[in-house]
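First the structure, in the form of structure tokens, and then the observations on it.
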Amino acid sequence: MFEQAVLPVQNEAVFLDVKGAIERAFAPAHAEKFLKQIGSAGLRARSFEAVLTRGLLGSATAAAYSQLEAGDQGQIREFYLWSVEQVTPELRAKFLKVCAYY
């Protein structure tokens with residue numbers, strides 16, 4: 001059975017800041033607004049770097065993300081994509097174009 005390797009976080013404070021921004025964006029109270037912003041920007045929810053550079057996760061989040069080591073950045077990308085998958089089916093249907101795989 002596949003078991004994902006656990007990588008130690010190099011810069012925990014910055015890592016937690018970026019992770020917190022993602023958690024806030026996908027919180028039930030904010031997820032609809034966040035997906036609407038992604039759609040208005042003409043982006044797809046799974047385009048993490050584009051969402052990040054447009055400042056949709058907060059103006060300081062892109063700068064903080066760039067301070068992370070490659071391994072930490074990979075873990076953040078994985079967490080972001082996992083968060084996209086956790087969006088409720090109702091919101092996924094409402095924002096189908098934003099959440100679609102194509």
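Nothing in this text is a laboratory measurement; each read-out follows from the coordinates by a stated rule. Given the structure is predicted, the values throughout are model-derived calculations rather than measurements. Neighbour counts run over all protein chains shown; Cβ positions are idealised from the backbone, glycine included.
Regarding segment 78-92, can at least one residue be identified that is of a type in the set (Ser, Thr, Tyr), assigned to a helix (DSSP H, G or I) and touching a residue at least 24 places away in the same chain (Cβ under 8 Å)? There is at least one residue in segment 78-92 that is of a type in the set (Ser, Thr, Tyr), assigned to a helix (DSSP H, G or I) and touching a residue at least 24 places away in the same chain (Cβ under 8 Å).
Is it true that some residue in segment 16-36 is part of a helix (DSSP H, G or I) and either in contact with a strand residue (DSSP E or B) (Cβ under 8 Å, 6 or more places away or on another chain) or of a type in the set (Ser, Thr, Tyr) (or both)? No, there is no match, as no residue in segment 16-36 is part of a helix (DSSP H, G or I) and either in contact with a strand residue (DSSP E or B) (Cβ under 8 Å, 6 or more places away or on another chain) or of a type in the set (Ser, Thr, Tyr) (or both).
Cβ-Cβ distances below 7 Å connect the following pairs, each with a first residue in segment 49-72 that is part of a helix (DSSP H, G or I), a second residue that is of a type in the set (D, E, K, R), and a separation of six or more residues or different chains: Ala64/Asp17.
Taking the condition touching a residue at least 40 places away in the same chain (Cβ under 8 Å), small (Gly, Ala, Ser), part of a helix (DSSP H, G or I) and crowded, with 19+ Cβ neighbours inside 10 Å, does Ala45 pass? So Ala45 fails the test.
Quick grid of which residues meet (1) farther than 25 Å from Glu12 by Cβ; (2) of a type in the set (Ser, Thr, Tyr):
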position	(1), (2)
Ala29	yes, no
Ala45	yes, no
Val51	no, no
Leu57	no, no
Ser66	no, yes
Asp72	no, no
Val87	yes, no
Phe95	yes, no
Cys99	yes, no
